[in-house]
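Read the structure below first, then the notes.
The values are calculated or read from the model by the stated rules, or taken from the named source; none is laboratory data. Remember, predicted model here, so these are calculated numbers, not experimental data. So basically every Cβ, Gly included, is an ideal-geometry build from the backbone, and we count neighbours across all protein chains shown. Surface areas here come from the heavy atoms of the whole protein model, side chains and all, with no ligands, DNA or RNA. Shrake-Rupley method; radii C 1.70, N 1.55, O 1.52, S 1.80 Å.
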Amino acid sequence: MWIPRRIQHCRVCGAPAAYRVPADDNRERAVCTHCGEIHYENPLNVVGTVPYFGERVLLCLRNIEPRRGKWTLPAGFMELGETTAQGAARETDEEAGAHFEIEGLFSVLSVPRVGQVHLFYRARLLNERFDPGPETQEARLFTEAEIPWDDIAFRTVRETLLRYFDDRRRGTYAVHTLDID
Ligand SMILES: [Zn+2]
């Protein structure tokens, strides 16, 4: 089993933390060597959209690492105090400056290797005007034939796009659940 070892110091008192299995637990946690605080780490949610305008889909050219210079769907880490759909809408606004209406949940992708769950909603674009934020070099629409498959930033984005165009051809949209190695 993959165990992250990200925490080196106690969040309460600042003393060094060590990974060990606490009493009454069954997996390693970062435990403070001074005050005994146990630091629980759980997967993070990444939320985003598949923004579409007619038969084309909006992609953003990343201006930040990782994968700077690669294309992605607008997505990012969910914030406290927002729903998954609100987070997906916020990321779409921040990264693309798009005008859109959020539609149904489209894909749920578990990525245990990095401790993340990615969720994408379909989003119907209201026009072709985009105003990308600093994280994006360029935002533009692609037909399926134009998608730069070799320059897609993340596997979760690639898998979501493949299923989106499949469903679009069929004329019906499902919720796709996938596990990414
Ligand atoms: Zn401590």
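Could you grab me the full set of residues in segment 166-181 that are under 11 Å from H118 (Cα atoms) and either open to solvent by less than 90 Å² (accessible area, probe 1.4 Å) or acidic (D, E) (or both)? Talk me through it step by step, then tell me what you get.
Taking segment 166-181 as the starting set, the residues that turn out to be under 11 Å from H118 (Cα atoms) are 177-180.
Scanning segment 166-181 gives L178, D179, I180.
Among the residues of segment 46-56, those that are out of contact with any Lys or Arg (no Cβ under 6 Å at 6 or more places or on another chain) and buried (at least 24 other Cβ atoms within 10 Å of the Cβ) comprise V47, G48, T49, P51.
Evaluated against (1) assigned to a strand (DSSP E or B); (2) surrounded by 20 or more Cβ atoms within 10 Å (Cβ to Cβ), L61 falls short on exactly one condition, (2).
Take the residues of segment 151-163 that are open to solvent by 20 Å² or more (accessible area, probe 1.4 Å) and either touching a Leu at 6+ places or on another chain (Cβ under 6 Å) or outside any strand (DSSP E or B) (or both): which is farthest from R62 (Cα to Cα)?
Here is the first cut: in segment 151-163, the ones open to solvent by 20 Å² or more (accessible area, probe 1.4 Å) are 151-152, 154-155, 158-159, 162-163.
Checking which are either touching a Leu at 6+ places or on another chain (Cβ under 6 Å) or outside any strand (DSSP E or B) (or both) leaves us with 151, 154-155, 158-159, 162-163.
On the way: D151: 11, F154: 11, R155: 15, R158: 15, E159: 18, L162: 20, R163: 22 Å.
Among those residues, the one meeting the criterion is R163.
Any chance segment 64-76 includes a residue that's over 20 Å from P134 (Cα atoms) and open to solvent by less than 60 Å² (accessible area, probe 1.4 Å)? Within segment 64-76 (the criterion being over 20 Å from P134 (Cα atoms) and open to solvent by less than 60 Å² (accessible area, probe 1.4 Å)), the answer is no, since none of the residues qualifies. Scanning segment 165-181 for residues that are outside any loop (DSSP other than H, G, I, E, B) and either within 18 Å of G76 (Cα to Cα) or touching an Asp or Glu at 6+ places or on another chain (Cβ under 9 Å) (or both) yields a total of 5.
Among the residues of segment 69-117, those that are polar (S, T, N, Q) and outside any strand (DSSP E or B) comprise T83, T84, Q86, T92. The set of residues in segment 118-150 that are within 17 Å of the chain's Cα centre (by Cα) and either of a type in the set (S, T, N, Q) or part of a strand (DSSP E or B) (or both) comprises H118, L119, F120, Y121, R122, A123, T136.
Taking (1) modelled with pLDDT of 95 or more; (2) under 27 Å from L44 (Cβ atoms) in turn, R113 satisfies each apart from (1).
From the list E82, E103, which residue is touching a Phe, Trp or Tyr at 6+ places or on another chain (Cβ under 7 Å), charged (D, E, K, R) and over 19 Å from T136 (Cβ atoms)? Even if it seems obvious, please write down each step before you answer.
Values: E82 fails: touching a Phe, Trp or Tyr at 6+ places or on another chain (Cβ under 7 Å).
The unique qualifying residue is E103.
Remark: pairs (first residue in segment 31-47, more than 30 Å from F120 (Cβ to Cβ) and in a strand (DSSP E or B); second residue open to solvent by 90 Å² or more (accessible area, probe 1.4 Å) and more than 9 Å from the ligand (Cβ to nearest atom); Cβ separation under 6 Å; 6+ apart in sequence or on different chains) = V31/R20.
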